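The values are calculated or read from the model by the stated rules, or taken from the named source; none is laboratory data. All of these numbers come straight from a predicted model, not from anything done at the bench. As a convention, Cβ positions derive from the backbone with ideal geometry for all residues, glycine included, and neighbour counts pool all protein chains shown. Remember, those area values only see protein heavy atoms, side chains included, never the ligands or the DNA or RNA. Shrake-Rupley method; radii C 1.70, N 1.55, O 1.52, S 1.80 Å.
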Amino acid sequence: MERKILHIDMDAFYAAIEMRDHPQYQNQPVIIAQDPRKTRGRGVVATANYVARQSGVHSAMTAQEALELCPTAIFQPPDFTKYKAVSQAFHKILHEYTDQVEPIAFDEAYLDVTDNKKGIESSLVLARMLQHQIYAELRLTSSVGVSYNKFLAKMGSEYCKPIGITIIKADDVKDFLYPLEIAAFRGVGKKTALKMKELGIQTGADLSQWEELDLIRHFGKMGHVFYQQIRGIDQRKVQGKRQRKSYSSERTYAAGLTTRADVENQLRRQATRVSERLQLDQRQGKTLVIKVRNQQYETITKRYTQTTYLANDPEELYQHAQRLFSEIELEQLDLRLLGLTVTNLAEKEQENLQLPLWDSV
Ligand SMILES: [Mg+2]
């Protein structure tokens, strides 16, 4: 039977919260970061509102670069304790519709609403109701993608932002995917997009012309994923809290991850994601696993287990991950996959509201 899957993503989450709480920020460019003029150029952009984005500001760039692009911007230092509380309220609303919720980040989740608590048949009606309820209760906007699998639902939520609802049915898959730029596909980062273009693959339509084995020859295991994506196939299930034995974040790099700085950057992001998901589900684990795949597509894992639970702290997870990474022997730094997993899980006994901050944010 066909599933009904939603991907919901809050619009410019941290910036939207600050705009809600500071009405004087309306129509101003707002950047969530320490003001680089007060930190001698240090700091990284956590997010920016849509006005600032029009000047080319985006998350993960340095605050200094953002200031140069947008000299009139308001720099608002992040308040993660507040964002976490709002995130919990957001996820609580999601659970009024179904417990088949897979948190992806503080501001993002997949829902399987095939059998939902409200008994709503139409996933479009449900998506609209959800979007309205979130706005009514939190005064924040969101975008929703509606489809029959996770890949298409996510493509949908990204397609029309902010305050969008995009529904992709089986009959629309070609019309939707074929005109898209290749960079819009899952797993296609900057380097992979370049490699695709060298092969003459500019759009989804170009991708659809390729044989599976040829894609695998150029992109390894991701070749198989790309082949399935363009046909609208994705078998991954929405993983509710109850079924989970582990929390992971991993990414493939079809064109390779080749510098130490890139590896550290990616480990940091993954540590943040894993820690956010554990916090949202109120769980903790004793084992951290790092997984890498080298340029010969060999997969290597290293694990670290403690007798006590690991703190749900991105910095601590990152430190362990970095140490495990340095123990892996690689002939050459050219990774095709990097991932972090926390496993050996238990329910957390009580809510720990402390959310340690990245020094650099
Ligand atoms: Mg978002």
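Structure data summary
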{"item": "Rg/Rh ratio calculated on Cα atoms of the chain (Kirkwood radius)", "result": "0.95"}
{"item": "Ratio of Rg to Rh over the stretch 178-230 (Cα coordinates, Kirkwood Rh, two decimals)", "result": "0.89"}
{"item": "Antiparallel DSSP beta bridges within the stretch 26-127, percent to nearest 5", "result": "70 percent"}
{"item": "Extension gain (nm, one decimal) between residue 245 and residue 174, 0.36 nm per residue minus Cα-Cα", "result": "22.0 nm"}
{"item": "Volume per residue that the Cα convex hull of the stretch 1-170 spans, once the total is divided by residue count, Å³", "result": "108 Å³"}
{"item": "26 Å Cα-Cα reach of residue 4 towards lysines, excluding residues that sit fewer than 8 places from it in its own chain", "result": "92, 117, 118, 150, 154, 161, 169, 174, 237, 241, 245"}
{"item": "P(r), alpha carbons of the stretch 275-342 - 10 Å bins starting at zero, rounded %", "result": "20, 49, 24, 7"}
{"item": "GNM result for the chain, Cα springs below 10 Å: residue of 170, 193, 261 fluctuating most strongly", "result": "261"}
{"item": "Top of 297, 227, 50 by mean-square fluctuation, Gaussian network on the chain, Cα under 10 Å", "result": "297"}
{"item": "Relative contact order computed over the stretch 241-347 (Cα-Cα under 8 Å; 6+ residues apart), in percent", "result": "46 percent"}
{"item": "Selection from 76, 167, 258, by position along the positive dipole direction of the chain (Cβ)", "result": "258"}
{"item": "Average projection area in nm² (convex hull over Cα atoms of the stretch 313-352, one quarter of hull surface)", "result": "4.1 nm²"}
{"item": "Residue of 223, 41, 256 that the Gaussian network model of the chain assigns the largest fluctuation, springs spanning Cα pairs under 10 Å", "result": "41"}
{"item": "Solvent-accessible area per residue, Å², over the stretch 1-170 with all protein chains present [probe radius 1.4 Å]", "result": "44 Å²"}
{"item": "Inverse mean reciprocal Cα-Cα distance (Kirkwood Rh) of the stretch 202-255, Å", "result": "13.0 Å"}
{"item": "Dmax and Rg, reported as Rg then Dmax, of the stretch 162-257 (C-alpha, Å)", "result": "14.8, 44"}
{"item": "Carbon plus sulfur fraction of accessible area for the stretch 111-253, probe 1.4 Å, in percent", "result": "51 percent"}
